[in-house]
Amino acid sequence: MKSIAVFCGSSLGASDAYRQGAILLGKELAKRQITLIYGGASVGIMATVANTVLEEGGKVIGVIPTLLEEREIAHQQLTELIVVKTMHERKSKMMELADGFIALPGGPGTLEEFFEVFTWNQIGLLQKPCAIFNMERYFDLLISFFDHMQNEQFLKAQYREALIVDEDAAALLDKCESFVPPAVKTYELSK
Ligand code: AMP
C-alpha cells in the first residue's frame, strides 16, 4: 500500500483526544512510508494528520477545490498541493491517487466522502479498502446503524464484513494492507 486518503473533520472536535488520535495515525502512516492524500486544508483534525506526517518525514498530497482554497486555507507546506475546480473533481482525484480510504471523526462532509468510496466498492467502481478509525468510539452509532442495515437486509453481509473498523491506528492499517475486495454486488428482481 503506497498511499491512503483520509476523510476527516474540518473541526477539532470537543475533546483533545481526537487530535491525539489523528497524531497517532499520522505517525503510523509516516513510519510505514504511506503517502497521505487529504483535502489540502489547514483546518481541523485533517490538518493535524497532515502536519504530523510532514513532521515525521512523510509525504502529503493535498487536493483542494478553488471554492475552498481561501475558506479552508490551503496548506502551503505540503509535498504537493493539487488545486481542482469542483468538489466532484476533488473526490475523483483522491480516489485515483489513494490505495485505500480512512474516515476519522468528522461531520457531514466526512461522511459524504466516505459513503461515496464505500458504495463505489459495492458496485465495483473501486476495489480498495475502506476503513473507519473509531477513536474514542466516535463512530459507534454509525456502526450500529450498519448492523441494523444488515439485519434488515438492506446491506449484504459481505459488504458489512468488508468495512474495516478499529480503534487502534496500527491495527487499522494492518487490516487495510491485508484487505481482500468483496465480490461485485448482484441484484434480485423485485417481487
Ligand atoms: P466536515 O466533516 O463536515 O467537517 O467536512 C470535512 C470536509 O469535507 C470539509 O472541510 C470539506 O472540505 C469536505 N467536503 C464536504 N462536503 C464535500 C463534498 N460534497 N465533496 C467533497 N468534499 C466535501
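The values are calculated or read from the model by the stated rules, or taken from the named source; none is laboratory data. In this text, all values refer to a predicted model and were calculated from it rather than measured experimentally. Cβ placement follows ideal geometry from the backbone for every residue including glycine, while neighbour counts extend to all protein chains displayed.
Looking across segment 16-37, the residues that are out of contact with any strand residue (DSSP E or B) (no Cβ under 8 Å at 6 or more places or on another chain) and within 16 Å of the ligand (Cβ to nearest atom) come down to TYR18, ARG19, ALA22.
Out of the residues in segment 49-63 that are under 18 Å from LEU173 (Cα atoms) and not hydrophobic (A, V, I, L, M, F, W, C), state the one that is farthest from the ligand (Cβ to nearest atom). Among those that are under 18 Å from LEU173 (Cα atoms) and not hydrophobic (A, V, I, L, M, F, W, C), it is GLU56. Residues in segment 1-28 that are part of a loop (DSSP other than H, G, I, E, B), among the hydroxyl-bearing types (Ser, Thr, Tyr) and closer than 17 Å to PHE139 by Cβ were compared, and the one that is farthest from the chain's Cα centre (by Cα) is SER15.
Residues that are in a strand (DSSP E or B) and within 12 Å of the ligand (Cβ to nearest atom) were ranked within segment 64-105; the one that is surrounded by the most Cβ atoms within 10 Å (Cβ to Cβ) is ALA103. Every test in (1) surrounded by 15 or more Cβ atoms within 10 Å (Cβ to Cβ); (2) farther than 21 Å from LEU172 by Cβ is passed by PHE133 save one, and that test is (2). Could you please let me know if PRO129 is touching a helix residue (DSSP H, G or I) at 6+ places or on another chain (Cβ under 9 Å) and either aromatic (Phe, Trp, Tyr) or near the ligand (Cβ under 9 Å from one of its atoms) (or both)? Against the criterion (touching a helix residue (DSSP H, G or I) at 6+ places or on another chain (Cβ under 9 Å) and either aromatic (Phe, Trp, Tyr) or near the ligand (Cβ under 9 Å from one of its atoms) (or both)), PRO129 does not qualify. When segment 29-44 is filtered for residues that are surrounded by fewer than 21 Cβ atoms within 10 Å (Cβ to Cβ) and in a helix (DSSP H, G or I), the ones remaining, listed by number, are ALA30, LYS31.
Can we say GLY124 is within 16 Å of the ligand (Cβ to nearest atom) and surrounded by fewer than 20 Cβ atoms within 10 Å (Cβ to Cβ)? No, not satisfied. Would you call GLU112 in contact with a helix residue (DSSP H, G or I) (Cβ under 7 Å, 6 or more places away or on another chain) and surrounded by fewer than 17 Cβ atoms within 10 Å (Cβ to Cβ)? For GLU112, the condition - in contact with a helix residue (DSSP H, G or I) (Cβ under 7 Å, 6 or more places away or on another chain) and surrounded by fewer than 17 Cβ atoms within 10 Å (Cβ to Cβ) - is not met.
State whether the residues of segment 136-145 include one that is within 14 Å of the ligand (Cβ to nearest atom), crowded, with 19+ Cβ neighbours inside 10 Å and closer than 24 Å to GLU28 by Cα. Looking for residues that are within 14 Å of the ligand (Cβ to nearest atom), crowded, with 19+ Cβ neighbours inside 10 Å and closer than 24 Å to GLU28 by Cα, one finds at least one in segment 136-145, hence yes.
Using the structure shown, decide if VAL165 is at pLDDT 95 or above and either over 13 Å from the mean Cα position of the chain (by Cα) or within 16 Å of the ligand (Cβ to nearest atom) (or both). Considered against the rule, which asks whether it is at pLDDT 95 or above and either over 13 Å from the mean Cα position of the chain (by Cα) or within 16 Å of the ligand (Cβ to nearest atom) (or both), VAL165 comes out as no.
Working only within segment 13-26, note down all residues that are surrounded by fewer than 21 Cβ atoms within 10 Å (Cβ to Cβ) and in contact with a helix residue (DSSP H, G or I) (Cβ under 6 Å, 6 or more places away or on another chain).
ALA17, ARG19, ILE23, LEU24
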